[in-house]
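Engineer: Sharing a structure here in structure tokens format.
The values are calculated or read from the model by the stated rules, or taken from the named source; none is laboratory data. Remember, it's a predicted structure, so these values are computed and weren't measured experimentally. Counting neighbours? That spans all protein chains shown, and the Cβs are built from the backbone with ideal geometry, glycine included.
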Amino acid sequence: RWLGREVPDVYSAELSEFVFAAGVKLLDEMRPDVMYLTTTDYIQHAHAPGTPVANAFYAMFDRYLGELDARGAAIVVTADHGMKPKHDEAGRPNVIYAQDLLDEWLGEGAARVILPITDPYVVHHGALGGFATAYLPAGADRAEIVARLAAIPGIDAVLTREEAVERFELPADRIGDIVMVAGETMTIGSSASRHDLSALHGPLRSHGGFGTQTVPFIVNRPLPDLPAAPALRNFDAFHYATTAAAKG
């Protein structure tokens, strides 16, 4: 009621526009010190860059950034991941079903594959991404499992827990015995029977591998104290937004 808009469907560009419109109204009426406006990635999952729907989305995005900028807001735009096509030439999803493989090698249900991309929004991605972790049963030869998985075409890396903690700055108590990373055009699933891909909105586009780590980091004000090529991470957004705001 406050915004004067109906809440849009989750599978729409309008849901992200709803967030931006709320941000502009919040800035006008409440002048908060900090705002965090987060959008869905439905459009990026469903529409490749340069397509009409994607272009319309970013034109809308740009208009709202202009409105926030005109009101004096210091703005940082970034993302939690990129997006890549994950399908073959016929539009079929490229998937390695890791749970099925481990069931075959170790016995059904002996290992457990966890897909962190899993959420209720299967139209986005069908719970298929480029990263997975797996818990192995006691007595399993971890080195052998790592080697067998790493030899599969489409797998970029298979790491032990210790290696993944070091390389990806992960908490050791939150991941399995091994970590798998798929290649740029590949995804990792659990079991084929657990993924209903009939709801996908077009050919699969997803994220989670090395090829989707690079994201934009855009600040609307010059920051003269920055080094020429700073090592930026998306979670640095708060620091640089507050720095930009403090400089006026």
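Engineer: Tally time: how many residues in the range 219-248 are surrounded by fewer than 15 Cβ atoms within 10 Å (Cβ to Cβ) and farther than 30 Å from H47 by Cβ?
Structural biologist: Residues flagged as surrounded by fewer than 15 Cβ atoms within 10 Å (Cβ to Cβ) and farther than 30 Å from H47 by Cβ within the range 219-248 amount to 15.
Engineer: I've got another one for you. Search the range 219-234 for residues being within 17 Å of G72 (Cβ to Cβ) and of a type in the set (A, V, I, L, M, F, W, C), and hand back the single one that is nearest to the chain's Cα centre (by Cα). So that I can check it myself, show each step before the final result.
Structural biologist: To start, the set of residues in the range 219-234 that are within 17 Å of G72 (Cβ to Cβ) comprises 219-223.
Filter once more, so that each one left must be of a type in the set (A, V, I, L, M, F, W, C): 219, 223.
Details: V219: 21, L223: 27 Å.
Residue satisfying both the conditions and the ranking: V219.
Engineer: Would you be able to say whether some residue in the range 227-243 is in a loop (DSSP other than H, G, I, E, B) and acidic (D, E)?
Structural biologist: Looking only at the range 227-243, we keep the residues that are in a loop (DSSP other than H, G, I, E, B), and these are 227-233.
Now restrict to residues that are acidic (D, E): none.
Scanning the range 227-243 turns up no residue that is in a loop (DSSP other than H, G, I, E, B) and acidic (D, E).
Engineer: Scan the range 210-248 residue by residue and report those that are under 30 Å from V181 (Cβ atoms) and in contact with a Ser or Thr (Cβ under 7 Å, 6 or more places away or on another chain).
Structural biologist: V215, P216, F217, N234, A237
Engineer: At least 3 residues that are surrounded by 15 or more Cβ atoms within 10 Å (Cβ to Cβ) and at pLDDT 95 or above in each: list the helices (runs of 4 or more DSSP H) lying fully within the range 106-196 that qualify. Give the steps one after another, and end with the answer.
Structural biologist: On the way: elements: 122-125, 142-150, 161-168.
Those helices (runs of 4 or more DSSP H) span 142-150, 161-168.
Engineer: Here's something else I'd like to know. Restricting the range 197-218 to residues that are assigned to a strand (DSSP E or B) and surrounded by fewer than 20 Cβ atoms within 10 Å (Cβ to Cβ), which is farthest from the chain's Cα centre (by Cα)?
Structural biologist: At the first step, the residues of the range 197-218 found to be assigned to a strand (DSSP E or B) are 205-206, 217-218.
Applying the additional criterion that residues be surrounded by fewer than 20 Cβ atoms within 10 Å (Cβ to Cβ) yields 217-218.
On the way: F217: 15, I218: 18 Å.
Once the filter is applied, the top-ranked residue is I218.
Engineer: Which ones in the range 89-105 are aliphatic (A, V, I, L, M) and outside any helix (DSSP H, G or I)? Quick ask: steps written out before the conclusion?
Structural biologist: First pass over the range 89-105, keeping only residues aliphatic (A, V, I, L, M): 90, 95-96, 98, 101-102.
A90, V95, I96 - these are the residues of the range 89-105 that are aliphatic (A, V, I, L, M) and outside any helix (DSSP H, G or I).
Engineer: While we're on this one: List pairs: first in the range 40-63 and of a type outside the set (D, E, K, R), second surrounded by 12 or more Cβ atoms within 10 Å (Cβ to Cβ) and not in a helix (DSSP H, G or I), Cβ under 6 Å, 6+ apart or cross-chain?
Structural biologist: Note: pairs meeting the criteria are Y42/Y11; Q44/M83; H45/R205; A46/H201; A46/G202; V53/H47; A54/H47.
Engineer: Here is a follow-up. Take the residues of the range 68-84 that are of a type in the set (G, A, S) and touching a helix residue (DSSP H, G or I) at 6+ places or on another chain (Cβ under 8 Å): which is nearest to R221 (Cα to Cα)?
Structural biologist: Only one residue tops the list, namely A74.
Engineer: OK, next. So which residues in the range 203-225 are over 26 Å from V158 (Cβ atoms) and either at pLDDT 95 or above or touching a strand residue (DSSP E or B) at 6+ places or on another chain (Cβ under 9 Å) (or both), if there are any at all?
Structural biologist: P203, P216, F217, I218, V219, N220, listed by residue number.
Engineer: Return the only residue of A46, A54 being outside the structural domain of A164 (by TED's automatic domain parsing), in contact with a Lys or Arg (Cβ under 8 Å, 6 or more places away or on another chain) and not hydroxyl-bearing (S, T, Y). I'd like the intermediate steps shown before the answer.
Structural biologist: Details: A54 fails: in contact with a Lys or Arg (Cβ under 8 Å, 6 or more places away or on another chain).
A46 is the lone residue from the list that is outside the structural domain of A164 (by TED's automatic domain parsing), in contact with a Lys or Arg (Cβ under 8 Å, 6 or more places away or on another chain) and not hydroxyl-bearing (S, T, Y).
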